Amino acid sequence: MHLETEHSDLQFASVHNNAVTPCEQSRVLRAAFEDRGQESCPEFRMMDKILFLNACIRPCSRTLELAEALLQRLQGDIREVRLQEASFSALDLDGMEKRHRAAQNQDFSDALFDAAKQFADADILVIAAPYWDLMFPAVLKTYLENVTVSGITFYYSEQGRPQSRCRAKQLYYVTTAGGFIGQNDFGFSYIKALAQNFFGITEIHRYAAEGLDVFGADVEEILRKTKLEMMAQFEENV
Ligand SMILES: Cc1cc2nc3c(=O)[nH]c(=O)nc-3n(C[C@H](O)[C@H](O)[C@H](O)COP(=O)(O)O)c2cc1C
């Protein structure tokens, strides 16, 4: 019963896709996700935990629009972290010392480690990040520094190799670019290497819409086609 309710929330959002602007659509979907967050029945808790890392900065982000189309297809309990609004700090000396002490005492109860625990506990990771300076916005790197914590999301083997402590086996990376990315998605390459080497994530997918800021670009059409391609690839992968 609860699963149906949840599904219909998203159908409601989907039905309205054509009638509202991407920004309004975003709000409808957000309401659906937030409602999901308050759900507490046991069936719901058994669903996959989807951690949605939203590194979109602009209010009418095209990257967010694509990511939301993907999230409508994924089945599970979606938790969104809006990185622009979150208060993560870059790792400094004080933070390093706290990590060191926590690891020595095997006590990661400080709230500083909550994000890493949430990350380790997710079944599926979805990252939405616009293509900035051949990479992604700095808020995403800051977040990753906060969750790449030895003792929580990974540990070092006796041979000094990182070993995963994460549940996730799937990661989806969604981006949009003003120009054309070609071989230069260094942000995705980095995320992929980190996910494989530290977090043991084996299934990694990337979806990108490009050329959105090129003079004369039909942005709606590019996004529409990218969503169709994304859904086709998604169906192939499941
Ligand atoms: C700070 C900044 C850096 C950018 N760097 C690039 C870039 O290196 N290459 C490119 O093709 N587009 C670049 N763009 C354009 C964005 O990739 C493009 O507008 C993208 O669709 C923005 O995503 P959004 O609509 O989700 O905000 C940049 C935009 C900004 C604001």
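The values are calculated or read from the model by the stated rules, or taken from the named source; none is laboratory data. Just so it is clear, the model here is predicted, and its values are computed rather than measured. Backbone-built Cβ (ideal geometry, glycine too); neighbour counts: all protein chains shown.
Going through the stretch 72-111 one residue at a time, which ones are in contact (Cβ under 8 Å) with a residue 24 or more places away in the chain and of a type in the set (A, V, I, L, M, F, W, C)?
Here is the first cut: in the stretch 72-111, the ones in contact (Cβ under 8 Å) with a residue 24 or more places away in the chain are 72-84, 86, 88-91, 99, 102-103, 106, 108.
Selection gives Leu74, Ile78, Val81, Leu83, Ala86, Phe88, Ala90, Leu91, Ala102, Ala103, Phe108.
Just one of Leu144, Leu134 is in contact (Cβ under 8 Å) with a residue 24 or more places away in the chain and away from the ligand (no atom under 16 Å from the Cβ); which is it?
Result of the check over Leu144, Leu134: Leu144.
Here is a check on your reading of the model: is Leu212 within 16 Å of the ligand (Cβ to nearest atom) and either in the same structural domain as Ile78 (by TED's automatic domain parsing) or touching a Ser or Thr at 6+ places or on another chain (Cβ under 6 Å) (or both)?
Numbers: within 16 Å of the ligand (Cβ to nearest atom): yes; either in the same structural domain as Ile78 (by TED's automatic domain parsing) or touching a Ser or Thr at 6+ places or on another chain (Cβ under 6 Å) (or both): yes.
Spelling it out, Leu212 is indeed within 16 Å of the ligand (Cβ to nearest atom) and either in the same structural domain as Ile78 (by TED's automatic domain parsing) or touching a Ser or Thr at 6+ places or on another chain (Cβ under 6 Å) (or both).
Before we move on, is Leu144 at pLDDT 95 or above and assigned to a strand (DSSP E or B)?
Answer is no for this residue.
Pick out the one residue from Val139, Val126 that is within 16 Å of the ligand (Cβ to nearest atom), under 12 Å from the mean Cα position of the chain (by Cα) and within 25 Å of Arg58 (Cα to Cα).
Values: Val139 fails: under 12 Å from the mean Cα position of the chain (by Cα).
Matching residue, one of Val139, Val126: Val126.
Looking at (1) of a type outside the set (S, T, N, Q); (2) modelled with pLDDT of 95 or more; (3) assigned to a loop (DSSP other than H, G, I, E, B), find the lone condition where Met47 falls short.
(2)
Considering only the stretch 152-194, how many residues are on the phi > 0 side of the Ramachandran plot and either crowded, with 18+ Cβ neighbours inside 10 Å or within 13 Å of the ligand (Cβ to nearest atom) (or both)?
The number of residues fulfilling the criteria is 1.
Residue-by-condition table, conditions (1) assigned to a helix (DSSP H, G or I); (2) among the β-branched types (Val, Ile, Thr); (3) modelled with pLDDT under 95:
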residue: Cys166; (1), (2), (3): no, no, no
residue: Ile181; (1), (2), (3): no, yes, no
residue: Ile204; (1), (2), (3): no, yes, no
residue: Gln233; (1), (2), (3): yes, no, yes
